[in-house]
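Comments concern the structure below.
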Amino acid sequence: MATTTTPRTPAPSTWAARLFSFPNPVNEVSARLVAGGVVLMALATIVLDQPWLIVVIAYGFVARALTGPKLSPLGQVVTRVITPRLPVAPRLVAGPPKRFAQGIGVVFSVTAAVLALGFGAQGAADVVLGLLVVAATLESVFAYCLGCHLFALLMRIGVIPAEVCERCNDIWATAEGA
């Protein structure tokens, strides 16, 4: 198989641009571990009937969508503590689809928080969290990122311009480049 490389995004120059930048490329090993953490937190929220935990989940998604792992406690633990200690080589994938997937996580987790804490609709919030568990499990266990595939589809139909992610023009190149 031919290997392809993901071009690195140049480092932003201002502190705000550095803070609100998203890594490109992303280590998929870390992304999968973060997804596993989301699965565990969401399941704990549902099983233990602790709706306040939805705020923690939502904060994590907002932090990761805006800044990558920089302001996310889960992202920090995974990228600084867990991943470096694993005997697994980094697997670099394009950043923009992963950021898009984090944005979808924002929508689902904030929706669940509003349903549970704003309207007292815990059952509806649990359904939304359940959907989040499904998506995060697919990412964590099977390396299948629903948000990334939706990103690729939106690129194919022209909603997301090709310039956003040249590497993403062929989503399957990621699998071949491993």
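The values are calculated or read from the model by the stated rules, or taken from the named source; none is laboratory data. Treat the numbers as computed from the prediction; the structure is a model and nothing was measured. Positions of Cβ are generated from backbone atoms using ideal geometry, with glycine treated the same way; all protein chains shown enter the neighbour counts. Surface accessibility is based on the protein's heavy atoms, side chains included, excluding ligands, DNA and RNA. Shrake-Rupley method; radii C 1.70, N 1.55, O 1.52, S 1.80 Å.
With Leu129, Leu138 as the choices, which residue is hydrophobic (A, V, I, L, M, F, W, C), part of a helix (DSSP H, G or I) and more than 18 Å from Ala31 (Cα to Cα)? Quick ask: steps written out before the conclusion?
On the way: Leu138 fails: more than 18 Å from Ala31 (Cα to Cα).
That would be Leu129, the only listed residue that is hydrophobic (A, V, I, L, M, F, W, C), part of a helix (DSSP H, G or I) and more than 18 Å from Ala31 (Cα to Cα).
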From the residues in segment 155-167 that are part of a helix (DSSP H, G or I) and without any contact (Cβ under 8 Å) to a residue 24 or more places away in the chain, which one is nearest to Phe61 (Cα to Cα)? Met155
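Does Pro69 satisfy being in contact with a Gly (Cβ under 7 Å, 6 or more places away or on another chain), buried (at least 19 other Cβ atoms within 10 Å of the Cβ) and modelled with pLDDT of 95 or more?
Values: in contact with a Gly (Cβ under 7 Å, 6 or more places away or on another chain): yes; buried (at least 19 other Cβ atoms within 10 Å of the Cβ): yes; modelled with pLDDT of 95 or more: yes.
In short, yes.
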Those residues that are closer than 29 Å to Val159 by Cα, aliphatic (A, V, I, L, M) and in a helix (DSSP H, G or I), I need them from segment 61-112; list them, please. Val62, Ala63, Ala65, Leu66, Ala101, Ile104, Val106, Val107, Val110, Ala112
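Could you list all residues from segment 116-125 that are in a helix (DSSP H, G or I) and open to solvent by 40 Å² or more (accessible area, probe 1.4 Å)? Let's see the steps before the verdict.
Taking segment 116-125 first, the residues in a helix (DSSP H, G or I) are 116-119, 122-125.
Passing the criteria: Leu117, Gly118, Phe119, Gly123, Ala124.
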